[in-house]
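Participant: Attaching a single structure in structure tokens format; questions to follow.
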Amino acid sequence: MASKKRHTVDSWVESVITEVIDGKGCSAIALLHLKGVGGATEEVTTKPIEGTVSHSDLANFLIGRAEGFSQDLAGLQTFKLIAFYGSNEPHNPFHFTTSDGTVISRSETMMSAHEPTPTGLLGQLMKHNETLMSQNNQLVTATMAMANGTIAMCFGPHGVVQESIRAQLEAVEVVKDAMLDMHDKRKELVIAEHKAAQDLQTRKAVIEAIPQLVNRFTGHEVFDEKANRAKVLEALAMKVTPQDLELLVAMGKLNKEEALVLSAQFAAIVDEKRKEVEALKTVPSEESATKTLTAKGNGV
């Protein structure tokens, strides 16, 4: 039994435009794009048949539209041709395929993914590769999105690393400001203490100099000059050391006899001051005296 000769696009167009169904000739040919195995289709074009038509020109027109439609679609694409005979009922379906916008066979094919032929195997392999590439692209896209999200989460303007660095810098600034503030306050305290000491020394010097200044200004002894001289001598005794007296003798400011007299006077004054200090140590303080009086008042 002779095998059935398979149609080409050209022979199929030639056969349908010459065929008559229900007394009517072919009125139009539609080109459909198959959207997978679910049976969904999309109309690419419908070509009305009027008058005498060249089957080869019409076949080339339909193939050209299929190639143009599929040029931006990756992988194997299947198209379907159907003929109309004066009604909306389609007749004589015919399938052919394209790959990346190019017709790979002008011969009729069944759904190439299921056809047990070299063409079907090629379709299966191309579909498999297309699926793998699509899955790989999705995986790469998801991985890159996750990587970008992780990078943004760590190193973005508000990421964990940036926020940590910002928090550490802010903490350093706070400590630095506190240290500077403490340093400034300490410096102000030292300056205030130094100024208070200077003021105290100045006031003491002025108070001690008042008697001499008043006596000289008024021309008569308002304050006891002897007491003033005693204070001056006392101050010298507390400041001048035996080495200072030896230096004055070496400079010729004092002779040895004068130095011995001053040294004896100074020693007596220092001994007197020492006795006063010792005596003050034995005097009870105001707080302890109060406690003693309270105790006696309670009959203790």
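Participant: Are any of the pairs Lys253/Lys273; Lys195/Lys231; Lys256/Lys281 more than 30 Å apart by Cα-Cα distance, and if so, which? Each step should come with its number before you reach the end.
Facilitator: Details: Lys253/Lys273 27 Å; Lys195/Lys231 26 Å; Lys256/Lys281 37 Å.
Over 30 Å Cα-Cα: Lys256/Lys281.
Participant: Would you please put 148-158, 88-98 in order of how densely packed they are, using the mean number of other Cβ atoms within 10 angstrom per residue and starting with the highest?
Facilitator: Working: 148-158: 11.5, 88-98: 16.9.
Result, highest mean Cβ count within 10 Å first: 88-98, 148-158.
Participant: Under 5 Å between amide H atoms, partner at least 5 residues away or on a different chain: which partners does Leu254 have, H built in plane at 1.01 Å?
Facilitator: Amide H to amide H, under 5 Å and 5 or more residues apart or across chains, Leu254 pairs with Val249.
Participant: Per residue of segment 242-247, what does 6.51 cos²θ - 1.76 cosθ + 1.60 with θ = phi - 60° give for ³J(HN,Hα)? Whole Hz please, x for Gly and Pro, Karplus curve as stated.
Facilitator: Values, residue by residue: x, 5, 5, 5, 4, 5 Hz.
Participant: Report the extension gain between Ala40 and Asp244 in nm, rounded to one decimal, defined as 0.36 nm multiplied by the number of residues separating them, less their alpha carbon distance.
Facilitator: 61.2 nm
Participant: Grab the beta carbon distance between Glu163 and Asn136, set R0 = 35 Å, and tell me the FRET efficiency rounded to 0.05.
Facilitator: Working: r = 36 Å, r/R0 = 1.02.
That pair, Glu163 with Asn136, gives E of 0.50.
Participant: At a probe radius of 1.4 Å, what is the per-residue accessible area of Asp22, in Å² to the nearest 10?
Facilitator: In the full protein context, Asp22 sits at about 140 Å².
Participant: Which order do Leu58, Leu280, Leu254 take by accessible area at a 1.4 Å probe, largest first?
Facilitator: Numbers: Leu58 10, Leu280 120, Leu254 35 Å².
Descending accessible area places them as Leu280, Leu254, Leu58.
Participant: Tell me, how many Å apart are the Cα centres for segment 41-86 and for segment 239-270?
Facilitator: 135
The values are calculated or read from the model by the stated rules, or taken from the named source; none is laboratory data. These numbers come from a predicted model, not from an experiment. Positions of Cβ are generated from backbone atoms using ideal geometry, with glycine treated the same way; all protein chains shown enter the neighbour counts. Heads up: the accessible areas ignore ligands, DNA and RNA and are worked out on the full protein's heavy atoms, side chains in. Shrake-Rupley method; radii C 1.70, N 1.55, O 1.52, S 1.80 Å.
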